[in-house]
Amino acid sequence: MAKSMTKSQIADHLAGKAGITKKGAVQILDDLAALAYREAKNVFTVPGIGKLKLANRKARIGRNPQTGAEIKIPAKRVVKFRVAKAAKDAILGKK
């Protein structure tokens, strides 16, 4: 399995494509991440990649896998990411 790209490698690639400095590309990545974190409660969409949103999960009953005993799992807020159809088609290929 190939290694994933590091932030530095992504910034270097973007800097080469956009004709900007690597430092500028890192700043763009940091600003995009900060914006996504702040706007996730409203739904943050990265066109062609997907949507980041905050969701509420209801309380539910679960089971301890070792003992089989029922446990109460409390309600909580979670972050969800939904991959865009364009990304799925580009990565997996169209059917």
For this session: Count the net charge of all other residues whose Cβ sits under 11 Å from the Cβ of V43, scoring Lys and Arg as +1 and Asp and Glu as -1.
Result: +4
Problem set entry | Accessible area per residue in Å² at 1.4 Å probe, computed on the stretch 1-47 | 81 Å²
Problem set entry | Label-point separation, I61 to V46 (7 Å along Cα→Cβ), nm | 4.0 nm
Exercise. If the viscosity is 0.890 mPa s and the temperature 25 °C, what Stokes-Einstein diffusion coefficient in µm²/s follows for the stretch 12-93 when Rh is the Kirkwood radius over Cα pairs?
Worked result: 153 µm²/s
For this session: For K58, go through the lysines and keep the ones whose alpha-carbon is under 19 Å away, minus same-chain ones fewer than eight residues off.
Result: K41, K72, K76, K80
Exercise. At a Förster distance of 22 Å, what's the computed FRET efficiency of L29 paired with A2, Cβ-Cβ distance as r, to 0.05?
Worked result: 0.60
For this session: Quick one: grab the alpha carbon gyration tensor of the stretch 21-63, order the square roots of its eigenvalues as a ≥ b ≥ c, and give me rounded if a/c is under 1.5, else prolate or oblate depending on whether a/b is larger than b/c.
Result: prolate
For this session: Show me 28-36, 67-75 ranked by packing, highest mean number of other Cβ atoms within 10 Å first.
Result: 28-36, 67-75
Exercise. For the chain, which whole-number percentage of the solvent-accessible area (1.4 Å probe, protein heavy atoms only) is attributable to carbon and sulfur atoms?
Worked result: 58 percent
Exercise. With charges set only on the Cβ (+1 for Lys and Arg, -1 for Asp and Glu), what does the dipole of the chain come to about its Cα centre, in debye to the nearest 20?
Worked result: 520 debye
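The values are calculated or read from the model by the stated rules, or taken from the named source; none is laboratory data. Predicted, not measured: the structure shown is a model, and the values here were computed from it. Don't worry about glycine lacking a Cβ; one is built from the backbone with ideal geometry, like all the others, and counts go over all protein chains shown. In case anyone asks, the SASA skips ligands and DNA or RNA and just uses the protein heavy atoms, side chains included. Shrake-Rupley method; radii C 1.70, N 1.55, O 1.52, S 1.80 Å.
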